[in-house]
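Visitor: Structure in structure tokens, see below.
The values are calculated or read from the model by the stated rules, or taken from the named source; none is laboratory data. This structure is a prediction, so every number in the text was calculated from the model and none was measured. Cβ placement follows ideal geometry from the backbone for every residue including glycine, while neighbour counts extend to all protein chains displayed.
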Amino acid sequence: MVWVFTEVAPDEVPPLPAIPDSPHRPRLRGTQFEQVWSTHWTRAMENMLDAPHLPYVHRRTIGAFSRSAARGWRHDGHRGAGQRPRLPHLAAHRRAIEGSWLDWYRPHGMVLNIPVPGRVMRMHVYCVPEGPDRVRMMLTSARSFGLYNPLFKLTDLVNARVLSEDRRVLEDCQPPEVPRPRRRRA
């Protein structure tokens, strides 16, 4: 990854952001998916971090059984490299699965750990700005099982479909950029 700071003087460059472990490791199968969306990168990143949208935007795919679980979604606060909410929606209609987490790598990256007992399943998503209202969505998934099973190619198709559901919503979102937070008056 290459980080470019375009809005600061060379002597004011902030420290490099935290970078997650690579999904490309021995004994993991990784797949990659990229798409350019007509939306601001802040909307795309906000969407990737918004767990409660799953039962509504993704009601026909990954959110099909998570409407009741989304009511119990909660935020555990700041940990490590970023925000780490608990994700009970991953359990669908069952109780939350231990080991699920989502780390936000500011400003525009995230890693989602999907718990599979004794195995690795992670998704890395980056929302890379290409212009004022264009973002390159880069998704890399990695898993330690089904490495040579051709049926696991279906997970790539599911990932593409899930992203297309997000894209439909985000390209019509107004205002295009997430508004900056207002300061509270003392």
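Visitor: Do we find that A96 is outside any strand (DSSP E or B), at pLDDT 85 or above, of a type in the set (A, V, I, L, M) and in contact with a helix residue (DSSP H, G or I) (Cβ under 7 Å, 6 or more places away or on another chain) in this structure?
Guide: Here the answer is no, as A96 does not meet what is asked.
Visitor: Just need a number here: residues in segment 11-25 that are over 16 Å from M123 (Cα atoms) and either free of Cβ contacts under 8 Å to residues at least 60 places away in the same chain or hydroxyl-bearing (S, T, Y) (or both). Walk me through how you get there before you give the answer.
Guide: Taking segment 11-25 and keeping what is over 16 Å from M123 (Cα atoms), we get 11-18.
In the following step, the residues that additionally are either free of Cβ contacts under 8 Å to residues at least 60 places away in the same chain or hydroxyl-bearing (S, T, Y) (or both) were identified as 11-16.
Qualifying residue count, segment 11-25: 6.
Visitor: Tell me which of these T6 doesn't satisfy, since it passes every other one: (1) without any contact (Cβ under 8 Å) to a residue 24 or more places away in the chain; (2) polar (S, T, N, Q); (3) surrounded by 11 or more Cβ atoms within 10 Å (Cβ to Cβ).
Guide: Going through the list (1) without any contact (Cβ under 8 Å) to a residue 24 or more places away in the chain; (2) polar (S, T, N, Q); (3) surrounded by 11 or more Cβ atoms within 10 Å (Cβ to Cβ), T6 breaks only (3).
Residue-wise test of (1) within 20 Å of the chain's Cα centre (by Cα); (2) in contact (Cβ under 8 Å) with a residue 12 or more places away in the chain; (3) farther than 22 Å from L54 by Cα; (4) part of a strand (DSSP E or B).
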| residue | (1), (2), (3), (4) |
| --- | --- |
| L112 | yes, yes, no, yes |
| C127 | yes, yes, no, yes |
| M138 | yes, yes, no, yes |
| A142 | yes, yes, no, yes |
| G146 | no, yes, yes, no |
| D156 | yes, yes, no, no |
| E165 | yes, yes, no, no |
| Q174 | no, no, no, no |
| R182 | no, no, yes, no |
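Visitor: Anything in segment 33-52 that is part of a helix (DSSP H, G or I) and either in contact (Cβ under 8 Å) with a residue 60 or more places away in the chain or out of contact with any Pro (no Cβ under 9 Å at 6 or more places or on another chain) (or both)? List them, or say none. Full working, then the answer.
Guide: Of segment 33-52, the ones part of a helix (DSSP H, G or I) are 41-49, 51-52.
Answer for segment 33-52, where residues must be part of a helix (DSSP H, G or I) and either in contact (Cβ under 8 Å) with a residue 60 or more places away in the chain or out of contact with any Pro (no Cβ under 9 Å at 6 or more places or on another chain) (or both): W41, T42, R43, A44, M45, E46, N47, M48, L49, P52.
Visitor: Taking L90, is it at pLDDT below 85, outside any strand (DSSP E or B) and surrounded by fewer than 16 Cβ atoms within 10 Å (Cβ to Cβ)?
Guide: For L90, the condition - at pLDDT below 85, outside any strand (DSSP E or B) and surrounded by fewer than 16 Cβ atoms within 10 Å (Cβ to Cβ) - is not met.
Visitor: From D172, D133, D156, D166, which residue is modelled with pLDDT under 85 and either over 20 Å from R29 (Cα atoms) or charged (D, E, K, R) (or both)?
Guide: Among D172, D133, D156, D166, only D156 is modelled with pLDDT under 85 and either over 20 Å from R29 (Cα atoms) or charged (D, E, K, R) (or both).
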